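Here the structure is laid out as structure tokens; the discussion comes afterwards.
Every read-out reported here was derived from the displayed coordinates using simple, explicitly stated rules and does not represent laboratory data. The model shown is predicted, which means the values in this text are computed figures rather than measured ones. So basically every Cβ, Gly included, is an ideal-geometry build from the backbone, and we count neighbours across all protein chains shown.
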Number of protein chains: 2
Amino acid sequence: MSQPGELLVVGLGPGPDQWRTPEVTEALSRSTDLVGYQTYLDRCPPRDGQCRHASDNRVELDRARLALALAREGRTVAVVSGGDPGVFAMAAAVFEALDADPAARDILVTVMPGVSAMQAASARLGAPLGHDFCVISLSDNLKPWSLIERRLKAAADGDFVIALYNPASKARPAQIIQAFDLLRTHKSGETPVAFARAIGRPGENMLITTLAEADPRVADMATLVIVGSSQTRLVPRPGAAPWIYTPRSTPDLAG
Amino acid sequence: MSQPGELLVVGLGPGPDQWRTPEVTEALSRSTDLVGYQTYLDRCPPRDGQCRHASDNRVELDRARLALALAREGRTVAVVSGGDPGVFAMAAAVFEALDADPAARDILVTVMPGVSAMQAASARLGAPLGHDFCVISLSDNLKPWSLIERRLKAAADGDFVIALYNPASKARPAQIIQAFDLLRTHKSGETPVAFARAIGRPGENMLITTLAEADPRVADMATLVIVGSSQTRLVPRPGAAPWIYTPRSTPDLAG
């Protein structure tokens, strides 16, 4: 049997090459095989002789198993996500596959961090994640909606800034509306809200509003939604939407 | 009066050059002035003729004001953080300074995202942030301890994975101990816990344990602490500490 190969779990960042780390660029160039969602593989620099195994979205575990199988044959396999592979992306699926397959654990696995969508959105908006925050996926494909509600309520109870991934899709148009209904009963209507769409990619767009006035139906799968804490503020920006930021300090309201 | 200059708010990533984005490398090379904590300026590639304004840690607002003043003189100024400037770093301080100084708002400000410490730690550990998570700074220099306690309790109530920044310093040895005392009353003792120290830098070290067995006194300012959710799991890794990951799916416990 051949020597086990190598599995590189990489993220391209949210869009442009300038947000992809040199470590990931090097990993892509030395991989014999790339495994990932077609949209992400299309963003990898071309390389002669490299095998590309594209798959549809929403088959993450199959993709992870294929990558492990190729690596066991001695290949150098990059599993490609957008953003950071560790944040709502392929790294968790790879370890789920490894957890279920003890024989695959002699493969050398390396996870490489990347810039995630919330960070690109935060940079364009100002510094909304400048203080304590929560990160929640609104997709209930793999978890019960009751858990998402519990987490939204806990995030409001803790007065966290909230970053919402996967707010809506064609198959799931209702979750973001239900989420906003819940947040409106627990947070001030004046809370700043930002919809950051396709940041760093064609069609980039940002909308800054308040929790009371927001129309959550503007969100789609390419949108990252940020809901402020009680301290999140706006700063006027000449010729553009205001900056949005969360100060590092919080007054001692009990004091 | 001269034309206003440009302010670039950048992050170097947690350590090695291979985690610094090309966008930030380019920004550093075209800046006339770098402003930041000495430790971070030491990590910037040398450039002839560039002015470096080093400061001590914990004077973030003074540093932001200096950067705005230089940019108003027409300079191209990079404000340098480690990690991602938007996550417990200089971006919030820059917008605090801009909020307080309307005359400075004609400066062109650009924030550039980067890889934050929790992402580097997550990559080395496996995929502990693979599902919904909270990010909390334990420093009470700028916020009341009561708010930190409220957030820790909310994070436990929501069964989030928890990433703790600034867990302890020589001046604040007690907070991480108090935080663990609180988390132990709200979460299972079996919950996986990781202490990830100086990831990507000399002296990198990881310790994986459980909430019941952890000795939080091992944490210092260079440590990122991750406390799992009820679903966070370990996978054996040959010749090394186990991988730690949080699956993408959560069973419907009510079902």
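List of remarks:
- Per-copy distances of the A:Arg217 label point, shortest first, in nm (7 angstrom along Cα→Cβ): 6.0
- DSSP beta bridges fully contained in the protein assembly as shown are about 45 percent antiparallel.
- Environment charge of B:Leu8, counting only residues whose C-beta is closer than 12 Å and scoring Lys/Arg +1, Asp/Glu -1: -2
- In the calculated pair-distance distribution of the stretch B:6-111, the portion above 21 angstrom amounts to 24 percent of the Cα-Cα pairs.
- Between B:Ser230 and A:Ser55, the FRET efficiency from the beta-carbon distance, with R0 = 45 Å, is close to 0.90.
- With helices as the sole contributors, the protein assembly as shown gives -8000 deg cm²/dmol at 222 nm; each DSSP H run of n ≥ 4 counts as -39500 (n - 2.57), and the sum is divided by every residue.
- The stretch B:116-149 versus the stretch A:177-255: alpha-carbon centroid distance in Å: 21
- Qualifying trypsin sites (Lys or Arg not before Pro) in the stretch B:129-195, where qualification requires a DSSP coil assignment and no more than 16 other C-beta atoms within 10 Å, comprise B:Lys170.
- Shielding of B:150-161 by partner chains, average beta-carbon count, 10 Å: 6
- Size estimate for chain A follows the Kirkwood approach: the inverse of mean 1/r over distinct Cα pairs works out to 19.5 Å.
- Value of Rg/Rh across the stretch B:92-189 [Cα atoms, Kirkwood radius]: 1.06
- Descending semi-axes in whole angstrom, ellipsoid equivalent of the stretch B:117-245, from the Cα gyration tensor: 21, 17, 12
- For residues of B:6-13, the mean tally of beta carbons on other chains within 10 Å: 1
- Placing dummy labels 7 Å off each Cα toward the beta-carbon, the span from B:Ala171 to B:Glu149 is 2.2 nm.
- For the stretch A:201-233, the residues whose amide N sits under 11 Å from a probe point set 7 Å from the Cα of A:Ser188 along the beta carbon direction are A:229-233.
- With its label point put 7 Å out from Cα toward Cβ, B:Ile177 sits 5.3 nm from the same residue's point in the other copies, in order from shortest.
- Antiparallel bridges, percent of DSSP beta bridges restricted to the stretch B:117-245 (to nearest 5): 75
- nm² value of the averaged projected area, convex hull over the Cα atoms of the stretch A:79-121: 3.0
- Directionally averaged projected area (convex hull, Cα atoms, the protein assembly as shown), nm²: 23.8
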